[in-house]
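Peer 1: Let me give you the structure first, and then I'll get to my questions.
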Amino acid sequence: MISTRHKSVLHVCLPVICMLLVTPMLHAQKVTQLEIMNAELTAYDIKIGRDARKLIGDVQLKHEDVIMSCDSAYFYASTGYVNAFSNVKLVQGDTLTLTGDLAHYDGETKLARVRQNVKLVNNDIILETDSLNYYRADGIATYKGGGILTQGDKRLTSGRGRFLLDTEIFFFMDSVVITDPEYTIHTDSMEYDTQSEITYFFGPTEIINEERYIYCEKGWYDTQKDISFVTDNAYLEEAGRILKGDTLYYEAEQGFGRARSNVVLVDTSQNMTLKGNFGLYYSEQETAMVTDSALMIQVDGSDTMYVHADTLRSMKNPDVELDSRILKGYYKVKIFRRDLQVMCDSLEYIEVDSTFNFFGEPVLWSDENQLTAEQIRVVMANQQLHRMYMTGIALVASQKDSSKYDQMRGKEMTGYFEDNQLTSIHVTGNGQTLYYATDQEIIVGANKTMCSDLIIYLTDNQISKVLYKTQPDGTYYPLDLFPADESLLSDFRWVEQWRPVDYLDVFRWK
């Protein structure tokens, strides 16, 4: 019979004995022995370690699925550590080869540190550097001090990098440059998927080729399909046009671009800028569209024109060979320029002959004059107002005092400008005039006349003379005898409250 004291000893000793037996077994499962496959000379060298072997000549070692070869090596059997020298080569499977002048390999951690003239080949990827660490257990290779990666025609350089071998994804940091026959990329840090050949940017980035320049601080670029999606201070420059936005998407082969939020399209050759919060760009057709707070800004010498509409389109003029543009605006159009303001439903601007066409109940203001018609066409010359054509029920009015208006009405009107001031109006068909006579700036009477065709001359925006081309039918009324119900011509309306007073006012509709 075993005594109680002996039982206690057994209870204490058995767990300890089990632990001592299990620990070497667990250790043996974690660490696989390195195998010396070949060496022309093998010798023990106590100077470098108690269990160290010096292997010389055509050295070959094996660890799991890795074959290491070199000219000479120090091998530490107890730790599974190898120092390899000269013509070092590690081959893993049939896809990875790693070479260098010097290597330190830890069989326990499966870490290979390769130095000097390092070259890693994995399928069609070649990485060259002077210092590389290969973590076999994780399938990760890292380098510092500069490296060069090549894949086909692509060449990538960076200060630091990390390569995930299983997924063939690279992470590059510090002065990253990709060169390709079709483009060059400069960036601060980048992820590169070698299988899909898509690059992801994380920092200031430039994508450059012969046709375009792209800048961003975040985004991606599909190098195979030539498609980019960029954000953070992103802009694209191509053929004298600059496209900006919080996000830009561009398909180079299709010549299609899309921009969202704070969109700006600048046409440097035309001194024209389109703004909005959503934009589309077609490079082949040279067409652009912006919407959502759309605004066109065009600098004309010392003056600037602002055009707002729900949607603005700029396109190449198909009727001329010159690089000429057509601008179209749709819905709730307003224009502000120092000497001209407009409100209408839609517009068309033809650059080649500097002509504006306004549709949909257009109202035009020039100095003190308000002009309305079914359609208005304005021709510019030398960046100034030159001529105006009004068709349909055309009406010109100016305010005399708080309740009185000089008025002209006709079927068609042609207005002429000098120095951006309206100097004469030619009325054709169903002409009517109503203007107030003054004496020392005091209104003393009203002159109401009907005449088929007439010409009205203006000086300092005031009627100075009327030339009746056919027999007129008119009446002059002393002011106190002028009937109140005749003070407004048919179709007259005064809409000064809708007139934009600055460029921000173009966003206010009625």
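The values are calculated or read from the model by the stated rules, or taken from the named source; none is laboratory data. Not measured: the values here are computed from a predicted model. Virtual Cβ from ideal backbone geometry, glycine too; neighbours counted across all protein chains shown. Surface accessibility is based on the protein's heavy atoms, side chains included, excluding ligands, DNA and RNA. Shrake-Rupley method; radii C 1.70, N 1.55, O 1.52, S 1.80 Å.
Peer 1: Filtering the stretch 267-312 down to residues that are farther than 21 Å from residue 380 by Cα and of a type in the set (S, T, N, Q), which residue is surrounded by the fewest Cβ atoms within 10 Å (Cβ to Cβ)?
Peer 2: 285
Peer 1: In the stretch 269-377, which strands (runs of 3 or more DSSP E) lie fully inside it and hold 2 or more residues that are hydroxyl-bearing (Ser, Thr, Tyr)?
Peer 2: Result: 272-282, 287-300, 303-316, 325-337, 340-350.
Peer 1: Considering (1) under 27 Å from residue 198 (Cβ atoms); (2) open to solvent by 50 Å² or more (accessible area, probe 1.4 Å); (3) modelled with pLDDT of 90 or more, say which one residue 227 fails and leave the rest.
Peer 2: Of (1) under 27 Å from residue 198 (Cβ atoms); (2) open to solvent by 50 Å² or more (accessible area, probe 1.4 Å); (3) modelled with pLDDT of 90 or more, only one is false for residue 227: (2).
Yes/no matrix, rows are residues, columns are (1) within 16 Å of residue 409 (Cβ to Cβ); (2) among the basic types (Lys, Arg); (3) outside any strand (DSSP E or B):
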| position | (1), (2), (3) |
| --- | --- |
| 438 | no, no, no |
| 444 | no, no, no |
| 447 | yes, no, no |
| 451 | yes, no, no |
| 464 | no, no, no |
| 467 | no, no, no |
| 470 | yes, no, yes |
| 476 | no, no, no |
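Peer 1: Would you say residue 399 is open to solvent by 70 Å² or more (accessible area, probe 1.4 Å), closer than 26 Å to residue 451 by Cβ and among the polar types (S, T, N, Q)?
Peer 2: yes
Peer 1: Please work out which one of (1) touching a Phe, Trp or Tyr at 6+ places or on another chain (Cβ under 6 Å); (2) farther than 18 Å from residue 135 by Cα; (3) not hydroxyl-bearing (Ser, Thr, Tyr) is the condition residue 83 fails and give its number.
Peer 2: Only one criterion is unmet by residue 83, namely (2).
Peer 1: Only one residue in 155, 162, 115 is more than 33 Å from the chain's Cα centre (by Cα), in contact (Cβ under 8 Å) with a residue 12 or more places away in the chain and outside any loop (DSSP other than H, G, I, E, B), so which one is that?
Peer 2: Step by step, each of 155, 162, 115 is checked, and only 115 is more than 33 Å from the chain's Cα centre (by Cα), in contact (Cβ under 8 Å) with a residue 12 or more places away in the chain and outside any loop (DSSP other than H, G, I, E, B).
Peer 1: While we're looking at this one, here's another question. Residues in the stretch 177-213 that are under 15 Å from the mean Cα position of the chain (by Cα) and at pLDDT 90 or above: how many?
Peer 2: 7
Peer 1: What's the number of the condition residue 49 fails, among (1) part of a loop (DSSP other than H, G, I, E, B); (2) open to solvent by 60 Å² or more (accessible area, probe 1.4 Å)?
Peer 2: Single failed check for residue 49: (2).
Peer 1: Oh, and also: Out of (1) at pLDDT below 90; (2) surrounded by fewer than 13 Cβ atoms within 10 Å (Cβ to Cβ); (3) of a type in the set (Phe, Trp, Tyr), what's the single condition that is false for residue 476?
Peer 2: (1)
Peer 1: Let me ask something else about it. How many residues are in contact (Cβ under 8 Å) with a residue 24 or more places away in the chain and open to solvent by less than 70 Å² (accessible area, probe 1.4 Å) when one looks only at the stretch 361-375?
Peer 2: Total satisfying the criteria: 10.
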